[in-house]
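One structure is given below, encoded as structure tokens.
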Amino acid sequence: MSKKKRREDGAARLRTVGHNVARAEGVEKVTGTARYIDDLVFDDMLYGATVRSTIPAGRIVAVERDPAFDWSGFTWVDHHDIAAPGRNVVAMIAEDQPFLAVDRVRHQAEPIALLAHADRARLAEGLAHVRVRYEAEPATLDFETASIVLKEIGIRRGDVDAVFARPGVRVIEGTYRTGAQEQLYIECNGVIAQPGAAEPDDGGITVHGSMQCPYYVVRALCTVTGLPREKVRVVQTTTGGGFGGKEEYPSVLAGHAVLLARKSGRAVKMVYERHEDLVATTKRHPSIVHHRTALAADGSILAIDVDLRLDGGAYVTLSPVVLSRAAIHATGPYRAEAVRIRGRVMMTNTPPNGAFRGFGAPQSQFAAEAHMDRIAGELGLDPIALRKQNLFRTGDITATGQTLKDSVAAHEVLERALERHARMVRPHNKKKRAHNNGDGHDGDGHDGDRRLRGTGVAMFFHGSGFTGGGEVKLASRAGLALTADGVRLLVSSTEIGQGTRTMHAQIVAETLGIPYDRVETADPDTARVPDSGPTVASRTCMVVGRILQRAAEKLRAELGDYDDEKSFRKRARWLLAERGTVEVIEEYQKPGDIVWSDETYEGDAYGAYAWGCNVADVEIDPVTYQARCTQFTAAIDIGKAIHPILAEGQIEGGTLQGIGWALYEDVVMREGKMQNASLTNYIIPTTLDTPPINVEIVENPFAGGPFGAKGVGECPIDGPAAAIVNAIRAATGKRLDAIPATPERIMKALADETSR
């Protein structure tokens, strides 16, 4: 029996997992009854706003409120209002970022003070009557020449220099650049802070907000207020997208709202308008990556030497872990006997960069895959054959020294992507595609059409879960509460549009053998659910889903024998009558064969990897130099699709974000400030710009995931940019080593005689 047939038979035996059940929160969203943060209004509520720096670097001389303006009814907060035991620092990896600037600013839009008023119009007037005087200081705005290193990581395996020194070795070098990218979630950042954790006068605080990581916010609020954990409550509201942009930044905004709420004694709502959200919040780190590769005459990769540099902005935020993932994935999914990777995050006087889907891996794998096509061109090899020759297989060793033992699907996704793409390309498009005839031009001049066409391929992989010892440190917890008719999820993983609640309910229902609709789900409230870790890093299904599966297995054992829904309910009511309350909480358990050193960066970086291959068709207008993607195929191995349609949606969404990053999304910075901070001139792909995206879900189960599942959310964004620039190379015969591939960059590449 074939592997595919065995998988289909296995899926047929599952009642809930692998089936497209109704979304847990779908009815609320479709009918409009879901309540987002801006739908919520509390009695006697104020609205908050932020006084921000207008220069990238300098000393604050004075913060002045116009004495001629009527300030009655306003609440004012600055750094003086953060009193011990509270601390003016955003609790993150490094405690370098203040909630409110004290005597210096390090970037444009840095928060300096806060205002609140019951009337939004008056609030805007008050904001206009605040003046900050500065002594400007020299600003570092170019991360390629910056000197301050926020974080550095080195990865070594084997003797790279000795390999490069061997006789007959061919050395190929290239440098690749990527720009910033805005997450552009539909709903902007927003929170409401209320005095009181359980009662209005209990000395605590409650925050409702649009966010990804409620317990990150809890930690930040405990730090700025000095309150104990039990006095801080965070409730996620229905959230309109995140993509990483609501991982760390809600901690800043929640801290601001809490400071205003505690000083005023009233609820305070702070919701950013789009311009402020674009100017002030985090983005994908720009990168520059230099590759130096040693190759045998037949194209076998012998050694990989990578220098990776990221723009961290003014503060550390999550840059160390973004750099970590970027460095670990910098070789792409290719084996080599020796590897050396040097990664650095540089400080610039620009708004801090942070989490974005892919978390550093898209930047480093863009470089790796663009470089593979450069190697193929310089060696005169077929790009696909070169990849097949060097792709990871089971038993190969990664840059960190991890031996790949389980669920390795690089070759399978390549074959499946090529097969699917060949089936989907229409016959008339086959005739038009570039023939790679040396100059890359369309060989037939079909109907006088002089558009340039080409096809590009990119391979990639993505570690599921936190890197190395991260999951052990998190010690995530999740569980179930038994009800008379089913169970209720006790988990702080957030639903941000990706289907978390649905997928978790499917895993639990399948494990307990009960109908899917007997599993209750809700948005997380930290007063009621344990810390399941952040909803990031492609961990929500594989890691948290597995914890829930174990909790369901334990609960099933406690319930005893039952064989249908009726007998389940009977056993559940008996157990509830016996104990009163039945809750089962489980904690993350590290697989026994995982070994990792955070000090040396050696060992098993991830329990499992998702694997992907993209194939892109691109056409370029020779007059406007505009490139557009006309057909796209994504084959992604995710171990097991718990909900196939939701998984396919994740792949389509990640792919489209990658296409946008490759072709359209150009963050324009001037004097440290984003100049195109609106949806009129920060361009993202619309439906009209979206090519047909052919999704091929590949299922190579991972033993450590629930029903074999691995991560799906991030992997799809790792490859599209490289596939597109490789297609541009096929179409034009010229390399494009930087994205976005704007018409200006394409025109310049076509005019450059050295860019072949």
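The values are calculated or read from the model by the stated rules, or taken from the named source; none is laboratory data. Please read all numbers here as calculations on a predicted model, not as lab measurements. When we count neighbours, we look across all protein chains shown, and the Cβ atoms used for this are built from the backbone with ideal geometry, even at glycine.
Okay, residues lined up against (1) closer than 24 Å to residue 651 by Cβ; (2) buried (at least 21 other Cβ atoms within 10 Å of the Cβ):
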site	(1), (2)
378	no, no
395	no, no
399	no, yes
406	yes, no
414	yes, yes
417	yes, yes
421	yes, yes
Determine which member of the set 223, 282 is part of a loop (DSSP other than H, G, I, E, B), modelled with pLDDT of 95 or more and among the hydroxyl-bearing types (Ser, Thr, Tyr). 282
Here the residues within segment 198-219 that are surrounded by 20 or more Cβ atoms within 10 Å (Cβ to Cβ) and part of a loop (DSSP other than H, G, I, E, B) are 204, 210, 211, 212, 213
Going through segment 519-547 one residue at a time, which ones are touching a helix residue (DSSP H, G or I) at 6+ places or on another chain (Cβ under 7 Å), part of a loop (DSSP other than H, G, I, E, B) and under 10 Å from residue 476 (Cβ atoms)? 531, 532, 533, 534
Every pair of residues 6+ apart whose Cβ atoms lie under 6 Å, when the first sits in segment 475-497 and is in a strand (DSSP E or B) while the second is among the small types (Gly, Ala, Ser): 478/532; 479/551; 480/551; 482/572; 488/481; 490/479; 490/481
Looking at this structure, is residue 510 buried (at least 20 other Cβ atoms within 10 Å of the Cβ) and in a loop (DSSP other than H, G, I, E, B)? no
Mind checking which residues of segment 711-756 are more than 21 Å from the chain's Cα centre (by Cα) and in a loop (DSSP other than H, G, I, E, B)? 733, 734, 735, 736, 737, 741, 742, 752, 753, 754, 755, 756
Please work out which one of (1) in contact with a helix residue (DSSP H, G or I) (Cβ under 7 Å, 6 or more places away or on another chain); (2) polar (S, T, N, Q); (3) not in a strand (DSSP E or B) is the condition residue 194 fails and give its number. (3)
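Given 113, 83, 91, which one is surrounded by 16 or more Cβ atoms within 10 Å (Cβ to Cβ) and either over 29 Å from the mean Cα position of the chain (by Cα) or not in a loop (DSSP other than H, G, I, E, B) (or both)? Even if it seems obvious, please write down each step before you answer.
Working: 83 fails: surrounded by 16 or more Cβ atoms within 10 Å (Cβ to Cβ); 91 fails: either over 29 Å from the mean Cα position of the chain (by Cα) or not in a loop (DSSP other than H, G, I, E, B) (or both).
One residue alone meets the criteria, 113.
Condition first: assigned to a loop (DSSP other than H, G, I, E, B) and of a type in the set (Val, Ile, Thr). Now tell me which residues in segment 683-710 satisfy that.
Of all residues in segment 683-710, those assigned to a loop (DSSP other than H, G, I, E, B) come to 683-686, 690-692, 699-705, 709-710.
Result: 683, 684, 686, 690.
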Of the numbered conditions (1) modelled with pLDDT under 95; (2) touching a Leu at 6+ places or on another chain (Cβ under 9 Å); (3) of a type outside the set (Phe, Trp, Tyr), residue 555 fails exactly one; give the number of that condition. (1)
Quick check: anything in segment 608-618 surrounded by fewer than 24 Cβ atoms within 10 Å (Cβ to Cβ) and at pLDDT 95 or above? no
Total residues in segment 45-103, condition within 25 Å of residue 322 (Cβ to Cβ) and charged (D, E, K, R): 4
Quick check, is residue 156 over 30 Å from residue 605 (Cβ atoms) and basic (Lys, Arg)? no
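Let's see how each residue does on (1) at pLDDT 95 or above; (2) touching a Ser or Thr at 6+ places or on another chain (Cβ under 7 Å); (3) part of a helix (DSSP H, G or I); (4) on the phi > 0 side of the Ramachandran plot:
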position: 124; (1), (2), (3), (4): yes, no, yes, no
position: 134; (1), (2), (3), (4): yes, no, no, no
position: 144; (1), (2), (3), (4): yes, no, no, no
position: 150; (1), (2), (3), (4): yes, yes, no, no
position: 174; (1), (2), (3), (4): yes, no, no, no
position: 188; (1), (2), (3), (4): yes, no, no, no
I'd like to know if segment 170-182 contains one or more residues that are crowded, with 19+ Cβ neighbours inside 10 Å, within 27 Å of residue 496 (Cβ to Cβ) and aromatic (Phe, Trp, Tyr). no
Filter result for residue 651 (under 20 Å from the mean Cα position of the chain (by Cα) and assigned to a loop (DSSP other than H, G, I, E, B)): no
Filter segment 592-647 for residues that are more than 13 Å from residue 695 (Cα to Cα), in contact (Cβ under 8 Å) with a residue 60 or more places away in the chain and of a type in the set (A, V, I, L, M, F, W, C) and give the result. 596, 605, 608, 610, 611, 618, 620, 627, 629, 642
